[in-house]
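Right, one structure below, let's go through it.
The values are calculated or read from the model by the stated rules, or taken from the named source; none is laboratory data. These numbers come from a predicted model, not from an experiment. Quick reminder, even Gly has a Cβ in these numbers, built from the backbone with ideal geometry, and neighbours come from all protein chains shown. Ligands, DNA and RNA are stripped out before the accessible areas are found, and what is left, the full protein with its side chains, is counted by its heavy atoms. Shrake-Rupley method; radii C 1.70, N 1.55, O 1.52, S 1.80 Å.
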Amino acid sequence: MIYTSQLCYSILGDKLKFSFFMMPLHLPIENPSLSFKRDLDWISYAEDLGFDEFWVGEHHSAGWETIPSPEMFLAAASQRTSRIKLGTSMISLPFHHPFHVAERIAFLDHLTEGRTIFGIGRCSLPTDIKLFQIPYQDLQPMMEESLEIITKLLENDEPVSYEGKYWDINDMYLQLKSYQPKIPIAIACSGSKSSLEFAGRKGLVPLSLAHPPGPYSVPISNQWKVMSEAAKKSGKKIDRKNWELVTYVYLSDSKEQAWADIESGAYRDIHEYFFNISETAREGYKSFPDQEEQDITVASVANQRSWIIGTPDDAIEAIEKLDQEAGGIGGMMITTHEWASDKKSKYSAELFARYVMPHFRGHTKDLKNAWDRTKQDFKDGKLSNASGKGNNPFEDDHKTNLHVKN
């Protein structure tokens, strides 16, 4: 199958980055050791396909999202890979002492030889919040205070003292700083104005949902303005080239085949998992406030959340549309899932790498141009002449493109 969409970089004029985000999401009835092996294999596979980054989440409860320490998991992944960047997405800062987080992330940066991206968050999984018994209103200020302490520890050579509302440290320091001069720090933005302003105010790498749910979410067409204005007010710098949009993607040889592959598994995840972890999550899947639960289909959710289900051409068209809507992005992050078999999921990733990624990176531009010239030369009869089947236009010319002048 040949995919024929024309070349188009991001409207920023730059080549997009592509990455995966793994929660992960596994059925509670599955052997966890085997699922972890499969997850690690996915990171190696993503590197082989040419993806730029792989992000892994932190969760502690509910039985489906089963990686409690992304640092440990990515340390294992670092020994199987050599190029792909490895991100924590996200370390839930309220659950940890800031010193331990700073020390572990600096250590991970050495194990990855500078491939670490430090993703932070306050936690959005209700069962984890219940498990740690932290009042919801404390999560954001705890995250902010922790980040301030961690940043001081990572950036200061002298011992750090800090007296806060949630943590106090006295003359603490990291005996081993990070491999990179400065580890990039990223944050997932829910789409609320406050989350976007926090990302800008702190100069963080923003990761945004392609279609943020909820009536109070800032549309992606206005998100960069919110972030950049907040950054300017605080004297921070953020780069639009680092801004990534997050969504689900599944590709096959036809749109009909893609939907046939994933509809059952996607319906299971929506109705069996997300509908049961919180009422807010359930409301977030509605296309309109009064939509009945039985009317929430995979198709309606895919449309509402800008999921990309179809062929490589469909993916190219959808990403170009999101890029235009956002006013220019730096990359796309694909959420992993197990809606289809591992074999089919890997084929989806292969199609994305073979046809979608080179479209946005310019790797096929010259090949397409060469093929267009060839077809035009054939149409003009130049190839027949060049093969000796017609009048040779070069026979009276003693110089050729390969002639070496004495």
> Rolling a 1.4 angstrom probe over the protein heavy atoms, how many square angstrom per residue are accessible across the chain?
Replying inline: 52
> Which Cα, out of Leu16, Ala46, Met90, lies furthest along the positive dipole direction of segment 15-95 (beta carbon charges, K/R +1, D/E -1)?
Replying inline: Leu16
>> Which log10 I(q)/I(0) values does segment 1-135 give at q = 0.16 Å⁻¹ under the Debye formula, counting every alpha carbon as one identical point scatterer?
In response: -0.87
> Round to a whole number: what % of the accessible area of segment 310-373 belongs to carbon and sulfur, probe 1.4 Å?
Replying inline: 51
>> If the reach is capped at under 12 angstrom between alpha carbons, list the aspartates and glutamates near Lys177, excluding any in the same chain fewer than eight residues apart.
In response: Glu103, Asp109, Glu155, Asp157, Glu158
>> Connecting C-alpha atoms closer than 10 Å in a GNM of the chain, tell me which of Lys321, Lys165, Lys152 has the biggest fluctuation.
In response: Lys165
>> If you split all Cα-Cα distances of segment 302-342 into 10 Å bins from zero, what percentages do you get per bin, shortest first?
In response: 24, 55, 18, 3
>> Counting only helical runs of four or more DSSP H residues, what would the 222 nm mean residue ellipticity of the chain come to if each run contributes -39,500 (n - 2.57) and the total is spread over all its residues?
In response: -13000 deg cm²/dmol
> Once Lys and Arg get +1 and Asp and Glu get -1 on their Cβ, which of Ile296, Met333, Gln137 lies farthest toward the positive end of the dipole of the chain?
Replying inline: Met333
> Within a Cβ distance under 12 Å of Thr297, other residues only, what is the Lys/Arg minus Asp/Glu net charge?
Replying inline: -3
>> For a distance above 29 Å, tell me the whole-number percent of Cα pairs in segment 68-221 that qualify.
In response: 18
>> Taking 0.36 nm per residue of sequence separation and subtracting the Cα-Cα distance, how much length would be gained by fully extending the chain between Ile29 and Asp290, in nm to one decimal?
In response: 90.6 nm
>> Set the bar at 18 Å for Cα to Cα. Now go through Lys17/Lys241; Lys15/Lys236; Lys17/Lys321; Lys130/Lys165; Lys152/Lys182; Lys85/Lys241 and name every pair that lies beyond it.
In response: Lys15/Lys236; Lys130/Lys165
> Which whole-number percent of Cα pairs in segment 244-332 have a distance greater than 23 Å?
Replying inline: 31
>> Using the Cα centre of segment 250-334 as the reference point, and only Cβ charges (+1 on K/R, -1 on D/E), how large is the resulting charge dipole? Debye, rounded to the nearest 20.
In response: 200
> Longest span of the chain, sites excluded, free of chymotrypsin sites (Phe, Trp or Tyr not before Pro) in DSSP loop with at most 12 other C-beta atoms within 10 Å?
Replying inline: 1-215
> Of all accessible surface on segment 22-125 at a 1.4 Å probe, what whole percent is carbon and sulfur?
Replying inline: 56
> Near Lys375, which lysines are there with a Cα under 17 Å away, not counting those fewer than 8 places off in the same chain?
Replying inline: Lys365
> So what is the relative contact order for segment 240-307, in percent, with contacts set as C-alpha pairs under 8 Å and at least six apart?
Replying inline: 33
> If the viscosity is 1.002 mPa s and the temperature 20 °C, what Stokes-Einstein diffusion coefficient in µm²/s follows for the chain when Rh is the Kirkwood radius over Cα pairs?
Replying inline: 92
